Amino acid sequence: MTNLQLFFKCILIVSCHLILSSQLLAQWSKVVTTANFSTALAIDAADTNTILIAGNSYPVFREGLIITRDGGKSFSYFENLTQLDKSITDVSVGDREHFWFATSEKIFASSDGGNSWEVQYYDTSATDFINYIKMFDKNNGVAMGDAKSVTSLTLILKTTDGGKNWIQVNTNLVGAVCVDLWRRIDFVDMNMGYLYASRIANPSPGIMKTVDGGRTWSSIESPAGTMVLKFYNEKIGVNCAYSSSHNATGIFTTHDGGKTWPYFTPITGGWGSDFEFIPGDPSKIWFTNMNTLFYSADTGKTWNHKPLPYSQAKLRDIEFINAKIGWVISDGSLFLKSISGGLVVGVERVELMPNEFHLHQNYPNPFNPETSISYQISAVSHVTLKVYDVLGREVATLVNEVQQPGIHNVKFTINNKHFSLSTHYSTLATGIYFYRLHAGDFVQTKKMVLLR
């Protein structure tokens, strides 16, 4: 073997090692979006393709809800949420066409995939804050709102007709509030639910349980200071709370419906944010304390830390659609997706490069003075990205070169920092403009608006 052959063999070995290493880290892959959420709020999915994510970026509440219909390859905002005047607190998906979300005061619904929305519930005499909504299908669901005062009934709403009628069913839970959105209430089905009340007048503080659809509530064994509570069924539940006997915050687990909580794992730092059971398998549970992820493979008896290959800020919500595909959303618009159950399974190939061409909607839109345009290409291509006015005249050429497969981002600014305007323009006026991506045989055009 010549020295040159030996050199290339070494290069090949190192390359293979790097590829395998990247695959091992890629059990959670970053999803690129145009969202600009300073705070992530909630996620829910109809299937592996149709996923809703709520967040906020004050004070632009229009940016509160985005959807992907292709499993995360592209996202879009709902531009028709004209009545959205408060931050979203929770989302729930019945199927590909039936969506719900709650704000602090209202319940919104769509039965046509988000093309139109209606306010299904709005009664400030009953509650000042709706924390939770969960639809079990397109007809049946539950919602919860904080009690107006220490002497008023906590709002427990049920519907059996897709939200046409939301009925207050609670008769004995008085003064209860949840404080941290949806994290301290969980309904297993339409009859059985659990709620940790931060303030309560009757029957008593702590974890409450209902077995009659929210009509009556009774106390069960309760670790102090619950941060997040989740049940898989009437027996198995997990709870992030403070343990006085261990003088530590950690994860409690019950296997008898909350009668006892015999399993405890201390968790250092952070704040309990979400639990997620793998669908169909209560032995496998994910948990985040905002700072990192933890995983249990023995129904919550023990937990292991699962590092992420990405820097993150405040992980908020976990959603597993099936045993393999899961999502994690975080502040700062960091969305992570796994196609391996969040775990390394051998040396499974994970697709990191885009498998199609796509031009994304610019963000922000409308804009002034600058906006970002992102696009993805799946093969080496000569790429041009140009901006035109409404008369079809070229405004600027942003890209004109051969590019490698991947996701690309370009800035477009009216101050000419990144390009030169065509001879038609010395500056840009308020109005509608179009930008067109041409990559190989792929051509796509989108509209953007400049407001000066």
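Nothing in this text is a laboratory measurement; each read-out follows from the coordinates by a stated rule. What you see is a predicted model, and the numbers here were worked out from it, not measured in a lab. For neighbour counting, all protein chains shown are included, and Cβ atoms are generated from backbone atoms with ideal geometry for every residue, glycine included.
Over all directions, the average projected area of the alpha-carbon convex hull for region 236-317 comes to how many nm²?
Seen from a random direction, the Cα hull of region 236-317 projects 5.5 nm² on average.
Hey, got a sec? Which trypsin sites (Lys or Arg not before Pro) in region 176-257 land in a DSSP loop and have at most 16 other Cβ atoms within 10 Å?
Those that pass, being in a loop and sparsely packed, are Arg215, Lys235.
Region 359-418: which trypsin sites (Lys or Arg not before Pro) are DSSP loop and have at most 16 other beta-carbon atoms within 10 angstrom?
The qualifying sites are Arg393, Lys417.
What share of Cα pairs, in percent, lie more than 17 angstrom apart in region 119-184?
Above the 17 Å cut-off, region 119-184 has 37 percent of its Cα pairs.
Under the Karplus relation 6.51 cos²θ - 1.76 cosθ + 1.60, θ = phi - 60°, what is the ordered set of whole-Hz ³J(HN,Hα) values for region 121-132, x standing for Gly and Pro?
9, 7, 8, 6, 7, 9, 7, 9, 7, 8, 8, 8
Give, in whole angstrom and from largest to smallest, the semi-axes √(5λ) of the equivalent ellipsoid of the chain, with λ running over the eigenvalues of the Cα gyration tensor.
43, 31, 17
For the chain, what's the relative contact order in percent, using C-alpha pairs closer than 8 Å and at least 6 residues apart?
The value is 10 percent.
To the nearest µm²/s, what D does Stokes-Einstein give for region 133-229 at 20 °C and 1.002 mPa s, using the Kirkwood radius over alpha carbon pairs as Rh?
163 µm²/s
In deg cm²/dmol, rounded to 500, what helix-only [θ] at 222 nm does the chain give when every DSSP H run of at least 4 residues adds -39500 (n - 2.57) and the total is split over its residues?
-2000 deg cm²/dmol
Could you give the size of the charge dipole of the chain about its Cα centre, using +1 on the Cβ of each K and R and -1 on the Cβ of each D and E, expressed in debye and rounded to the nearest 20?
I would put it at about 740 debye.
Tell me which of Gly392, Thr427, Trp217 sits at the most positive position along the dipole axis of the chain, charges placed on C-beta atoms (Lys, Arg +1; Asp, Glu -1).
It is Thr427.
Along the charge dipole of the chain, which of Phe231, Gly113, Gly300 sits closest to the positive end, that is, farthest toward it, with unit charges on the beta carbon of Lys, Arg, Asp and Glu (+1, +1, -1, -1)?
Checked the options; the winner is Gly300.
Can you list residues whose amide H is under 5 Å from Tyr121's amide H, if they're 5+ apart or on another chain and H is modeled 1.01 Å from N?
Ile107
Taking the Cα atoms only, what angle lies between the long axis of helix 3-25 and the longest principal axis of the chain, rounded to 10 degrees?
That works out to roughly 40 degrees.
If I model a spin label as a point 7 Å beyond the Cα along the Cα-Cβ vector, how far apart are those points for Val443 and Asn233 in nm?
5.8 nm
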